[in-house]
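Report on one structure; see the data block that follows.
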2 protein chains.
Amino acid sequence: MKTYGQYCAAAKALDVVGDRWSLLIVRELLNQGPCRFTDLKYGLPGIPPNLLSSRLRHLESAGVVERRAEPPPVATTLIHLTGMGRELEPVVHSLAEWGVRFMATMAPGDVFRSQWLGFPVSLYLNDREPHGQDFTIKVDTGDRPAYIEVRDGSVRLRLETMAEPDLILSGAPDIVLGLLSGHLSLSQGVASGLEVSGPTALLDRIVPGYAATSLG
Amino acid sequence: MKTYGQYCAAAKALDVVGDRWSLLIVRELLNQGPCRFTDLKYGLPGIPPNLLSSRLRHLESAGVVERRAEPPPVATTLIHLTGMGRELEPVVHSLAEWGVRFMATMAPGDVFRSQWLGFPVSLYLNDREPHGQDFTIKVDTGDRPAYIEVRDGSVRLRLETMAEPDLILSGAPDIVLGLLSGHLSLSQGVASGLEVSGPTALLDRIVPGYAATSLG
DNA sequence: CGGCATCCTCTTTGATACTG
DNA sequence: CAGTATCAAAGAGGATGCCG
């Protein structure tokens, strides 16, 4: 991309990460951690491989990402965020926070990846009973499963397989999101095809307005 | 721009404001307030008018900006940010905060506009003596003058003409910025062509590390 | 496979000129 | 002042091929 040629901090930032796809590459590395080329491609549905390649070279030369040849058992090079790259987290998060307003309904053709649940989880969920028992919720949306881990008073999204979840949520991404954000009650979710197995009272601990909506 | 087709909050946000120039248009409206087409064009050096026009239409249909026909004495329509548009402030600010690292030197050919001093002012300057006397610094960088107003413990950038500033700073944008950010001492600034007239001790009140650098 | 590079078409951009 | 018109050049998107 051509630089803006403006001596302004915001324009200089966009000179580096303002190209199409660039901030989404950073999003993937923030959500997934160090990635192979293929992992990035999977997390960026729609990107042509030559563009991914070109963007990575640009971000690498700008010092946002770096490649490291990993020792066995990985046996490939992984793409990491540098310190400078991690400092883009506030940018990506504020964008996501602004963008949640468009998530009410899923457009036809929209693709979903489990790791994108990270934003709603950190935005909406917190543990109302920080000294209660730890628990785990498995979330299945058609992509690989993700896990909401409630532990030591914090709520985190995990992408690795976790044994014996206490609750399993299964359904379309927008329905699961509606439930987690408190915009949909459990009964509304179930009416829209959500399947729940396990003690639903656990949701009470972390979902905003859950008590209210479950009464209604 | 084609939508990313991803059911992800960050991608949805970029579907709306991810086009080239879009976030800079928002930057101008945040810094300048409601603008005429021509004011925007001046604050976005390098933008072709058809692109500005096209972006404004897109942002308007997305609900980020709106046009309002102003009564006399304005006698033209002004472009305003909507509430949704103002909520992009954290996005633009976090971008600017990330981008200040590229401001150490001004690239040849870079254009500068006074209103862009708003970011460094809110990022770097605060009043160390909130109960001291109010004062005003006029900053002249070749573009129209801007004023740093220190009043009631807060430091703000003003773009309207203000009478009788207590101090006048005059010099190239990168030198003025170096001084305001504390990366340049007063003597280094003067050695680089900065002209100062008035009681320089006032800078002590608001510039980070000023005491240290003025000693060194 | 994983990690790109190539080719081709289509859209967007940038620069300039022009109009109500 | 507030745009639209025109046009060349650059970039994006999609398919496919190569090479360890």
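Against the condition part of a loop (DSSP other than H, G, I, E, B), within 14 Å of chain B (Cβ to nearest Cβ) and under 30 Å from A:Arg55 (Cβ atoms), how does A:Ala96 come out, does it pass?
no
With assigned by TED's automatic domain parsing to the domain that holds B:Ala75, in contact with a strand residue (DSSP E or B) (Cβ under 9 Å, 6 or more places away or on another chain) and over 20 Å from B:Asp110 (Cβ atoms) as the only criterion, which of B:Pro49, B:Pro45, B:Pro34 stands out?
Sole residue among the options that is assigned by TED's automatic domain parsing to the domain that holds B:Ala75, in contact with a strand residue (DSSP E or B) (Cβ under 9 Å, 6 or more places away or on another chain) and over 20 Å from B:Asp110 (Cβ atoms): B:Pro34.
Where in the range A:111-216 are there helices (runs of 4 or more DSSP H), lying fully within it, with 2 or more residues that are within 15 Å of B:Cys8 (Cβ to Cβ)?
A:118-124, A:173-181
Given the options A:Val91, A:Val65, A:Val111, name the one that is within 18 Å of A:Lys41 (Cβ to Cβ), surrounded by 14 or more Cβ atoms within 10 Å (Cβ to Cβ), touching a Leu at 6+ places or on another chain (Cβ under 7 Å) and among the hydrophobic types (A, V, I, L, M, F, W, C).
The match here is A:Val65.
Restricting attention to the range A:99-149, which residues are more than 19 Å from B:Tyr4 (Cα to Cα), more than 10 Å from chain B (Cβ to nearest Cβ) and either of a type in the set (Ser, Thr, Tyr) or touching a residue at least 60 places away in the same chain (Cβ under 8 Å) (or both)?
Correct list: A:Ser122, A:Tyr124, A:Leu125, A:Asn126, A:Asp127, A:Arg128, A:Glu129, A:Gly132, A:Phe135, A:Thr136, A:Ile137, A:Tyr147.
Near DNA strand C (Cβ under 10 Å from one of its atoms), within 13 Å of chain A (Cβ to nearest Cβ) and charged (D, E, K, R): which single residue out of B:Arg20, B:Arg27 fits that description?
Going through B:Arg20, B:Arg27 in turn, the sole match is B:Arg20.
Please indicate, with yes or no, whether at least one residue in the range B:73-83 is assigned to a helix (DSSP H, G or I), under 22 Å from A:Asp15 (Cβ atoms) and over 17 Å from the mean Cα position of the chain (by Cα).
There is no residue in the range B:73-83 that is assigned to a helix (DSSP H, G or I), under 22 Å from A:Asp15 (Cβ atoms) and over 17 Å from the mean Cα position of the chain (by Cα).
Looking only at the range A:39-57, which residues are near DNA strand C (Cβ under 10 Å from one of its atoms) and within 14 Å of another protein chain (Cβ to nearest Cβ)?
Once the filter is applied, which keeps residues that are near DNA strand C (Cβ under 10 Å from one of its atoms) and within 14 Å of another protein chain (Cβ to nearest Cβ), the range A:39-57 yields A:Leu40, A:Lys41, A:Tyr42, A:Pro48, A:Leu51, A:Leu52.
Does B:Asn31 count as at negative phi and surrounded by 21 or more Cβ atoms within 10 Å (Cβ to Cβ)?
yes
Considering each of B:Thr136, B:Thr82 in turn, give the residue that is among the β-branched types (Val, Ile, Thr), surrounded by 14 or more Cβ atoms within 10 Å (Cβ to Cβ) and assigned by TED's automatic domain parsing to the domain that holds B:Gly171.
It is B:Thr136.
Can you pull out the residues in the range B:18-63 that are within 11 Å of DNA strand D (Cβ to nearest atom) and of a type in the set (A, V, I, L, M)?
B:Leu40, B:Ile47, B:Leu51, B:Leu52, B:Leu56
Read through the list (1) away from DNA strand C (no atom under 15 Å from the Cβ); (2) within 11 Å of chain A (Cβ to nearest Cβ), then give the number of the only condition that B:Glu60 fails.
Unmet condition: (2).
When residues of the range B:21-44 are filtered for being of a type in the set (Lys, Arg) and under 16 Å from B:Ala96 (Cα atoms), how many remain?
Number satisfying all stated conditions: 1.
Just to be sure before I move on: is A:Gly83 away from DNA strand D (no atom under 15 Å from the Cβ) and within 14 Å of another protein chain (Cβ to nearest Cβ) in the structure I sent?
yes
Regarding the range B:2-10, can at least one residue be identified that is within 14 Å of chain A (Cβ to nearest Cβ), of a type in the set (D, E, K, R) and in contact with a helix residue (DSSP H, G or I) (Cβ under 6 Å, 6 or more places away or on another chain)?
Checked the range B:2-10: no residue is within 14 Å of chain A (Cβ to nearest Cβ), of a type in the set (D, E, K, R) and in contact with a helix residue (DSSP H, G or I) (Cβ under 6 Å, 6 or more places away or on another chain).
Which numbered condition trips up A:Thr76, out of (1) among the hydroxyl-bearing types (Ser, Thr, Tyr); (2) more than 30 Å from A:Ser181 (Cα to Cα); (3) at the interface with chain B (Cβ under 10 Å from one of its Cβ atoms)?
The number of the failed condition is (3).
The values are calculated or read from the model by the stated rules, or taken from the named source; none is laboratory data. As the structure is a prediction and not an experimental result, all values here were calculated from the model. Positions of Cβ are generated from backbone atoms using ideal geometry, with glycine treated the same way; all protein chains shown enter the neighbour counts.
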